[in-house]
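The values are calculated or read from the model by the stated rules, or taken from the named source; none is laboratory data. Worth saying up front: this structure is predicted, and the values here are computed from it rather than measured. FYI the Cβ positions are ideal-geometry reconstructions off the backbone, even for glycines, and counts take in every protein chain you see. Please note that ligands, DNA and RNA were not included when accessible areas were found on the heavy atoms of the full protein model with its side chains. Shrake-Rupley method; radii C 1.70, N 1.55, O 1.52, S 1.80 Å.
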Amino acid sequence: MFIILTAITKQGEIIIPANYSQDSLKELKERSAFLCMQCQEEVILKNGTINIPHFAHKRNVECAQLFSEGESEDHLNGKLQLYAFFHQLNLNCQLEPFIQTLKQRPDILLQKNEEQVAIEFQCSQILPSTIIERNAGYKMQQIIPLWILRTPSILEFPNQEIGLMQLSSFRQQFFLVSPTYGKMIITYCPQTKYFHYISNLLHIKANLYIVKVKKLPITNQTWPFAIVKHISLEEFEKYLSMYIEHRFKHIDNLYYYNKKGVQSAFLQVCYRWQLQPKKLPPFIGIPTIFAESFHVHAVEWQTQFIDYLYSLNIPIHQASLLQCKSFLINRPIGPIQSELKLEAVKSYLFVLKKCIIQSENVVYKSKYSISKMNQLLYRQFLAKCPEN
């Protein structure tokens, strides 16, 4: 069934049935005929007691294919609530408008001055190619796409405001990037009428992150949307404590549950160094920026980088961009090489050079300042990119 949330009367009045009481809808149904705003064909007002009041085409027409089929109650309620929110702010907004040039129908289209924003409230998984295609179409028409996800189950959130959270590759496609405050995901729950912000992401490994989750009732929301600010130094220290705890757990897993045996690159390095994995110096396996480009835990690729410098007999203070580049060529980690991996290695080397007190030829035996290292990591976390 194709559900249409808006239609127009023959007198030109736009009707959103969800905004009317049952008595008003019955009266409207008796005295008015309704037309599809896209094809101008007649549509039927359906105002039963089970589904959200809506319109449906009288007969199968081509434009029906551009309406959503089988939308969930959450999706329908969510976009109606979001539309009501924007409408209450006296914003120029349209519900499910058809953009002829794109053959696309955003959930809501906002216009303020010369700026247009397409709001997409996404409740189900769709193909990455669909997201890319929609975004490209919007941008081609100078429309800013803004995706809001359906809030995940409470079981998927950390127990506290700061904690661990799995962010699937699907969810990562909806990162909203603020030039000042970095990546975040905005979600909305139609049942509680709360926004949830998943922000201040610190990558651990694969799809696992340390995050800060803040919630905001729709009654306190603003336009432009409120933005979560950076965490404080005190909060970052909590991040680091959780990161270190997980670092030790990951090292244990690499040691006790290793499936590669003697082929494990990580354990081979520890064997060459004649060092128990748990005794790796704390400056190996730290959360530098862009570390997520390796996908694996930082302790794995940083161990390889330190060992690579050791194999070249180059102390940390003498290492340069040349070694960063050659490391990625000679010890590839992961299927894809990217500029972000180079940025991650440069960032790591920068921190090492700044916090190492005594650089030894046996690189992993170098002395370092942990307080300076933590300060540098916090500064990098706040920054968009590493210092040079």
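Across segment 348-365, rounded Karplus estimates of 3J(HN,Hα) from the backbone phi angles (6.51 cos²θ - 1.76 cosθ + 1.60, θ = phi - 60°) give 5, 5, 4, 4, 4, 4, 6, 9, 6, 8, 9, 8, 9, 4, 7, 3, 6, 9 Hz, Gly and Pro being marked x. Compared with the dominant Cα axis of the chain, that is its longest principal axis, helix 73-88 is turned about 80°.
Residue separation times 0.36 nm, minus the C-alpha to C-alpha distance between His317 and Glu339: what's the value? Walk me through the intermediate numbers first.
Values: separation 22, 0.36 × 22 = 7.92 nm, distance 2.30 nm.
Value of the extension gain: 5.6 nm.
Relative to the longest principal axis of the Cα atoms of the chain, the long axis of helix 233-256 makes an angle of roughly 70 degrees.
Ignoring ligands, DNA and RNA, what percent of the 1.4 Å accessible area of the chain is carbon and sulfur? In the chain, the share of accessible area belonging to carbon and sulfur is 52 percent.
Electrostatic bookkeeping for Pro281 treats Lys and Arg as +1 and Asp and Glu as -1; over the other residues with beta carbon under 10 Å from its beta carbon, the sum is +3.
Taking amide hydrogens as placed 1.01 Å from N in the peptide plane, the amide H of Ala33 sits under 5 Å from those of Lys10, each at least 5 positions away in sequence or on another chain. A simple count of charges around Leu309, restricted to other residues whose Cβ falls under 15 Å of its Cβ and scoring Lys, Arg +1 and Asp, Glu -1, yields +4.
Spin-label pair Tyr181-Lys278: with each label point 7 Å from Cα along the Cα-Cβ axis, the two points sit 4.1 nm from one another.
In the chain, the longest principal axis of the Cα atoms and the axis of helix 128-140 are about 70 degrees apart.
Can you order the peptides 216-228, 4-16, 284-296, 178-190 by their average number of other Cβ atoms within 10 Å per residue, highest first? Kindly include the intermediate steps, with their values, before the conclusion.
Details: 216-228: 13.1, 4-16: 15.8, 284-296: 21.6, 178-190: 17.8.
Highest to lowest by the protection proxy: 284-296, 178-190, 4-16, 216-228.
Values of log10 I(q)/I(0) for segment 220-301 across q = 0.13, 0.20, 0.26 Å⁻¹ run -0.54, -0.98, -1.35, by the Debye formula with one identical scatterer at each alpha carbon and no solvent. The calculated P(r) of segment 115-251, using every Cα pair and 10 Å bins from 0, goes 10, 39, 35, 13, 2 in percent. Pick from Tyr310, Tyr20, Tyr239: which is most flexible by mean-square fluctuation in a GNM of the chain where alpha carbon atoms under 10 Å apart are linked? Result: Tyr20 has the largest fluctuation of those listed.
When a/c is below 1.5 the answer is rounded, else prolate if a/b is larger than b/c, else oblate, so apply that to segment 264-388 with a ≥ b ≥ c taken from the square roots of the Cα gyration tensor eigenvalues.
Values: a/c = 1.41, a/b = 1.08, b/c = 1.30.
Because its axes are fairly even, with a/c under 1.5, segment 264-388 counts as rounded.
Given the pairs Lys46/Lys79; Lys26/Lys112; Lys214/Lys260, which are separated by over 30 angstrom at their Cα positions? Mind showing how you got there, number by number?
On the way: Lys46/Lys79 18 Å; Lys26/Lys112 35 Å; Lys214/Lys260 41 Å.
Checking Cα-Cα distances, Lys26/Lys112; Lys214/Lys260 exceed 30 Å.
For Glu41, the amide hydrogen comes within under 5 Å of the amide hydrogens of Cys36, counting only partners 5 or more places away or on other chains and with H modelled in the peptide plane.
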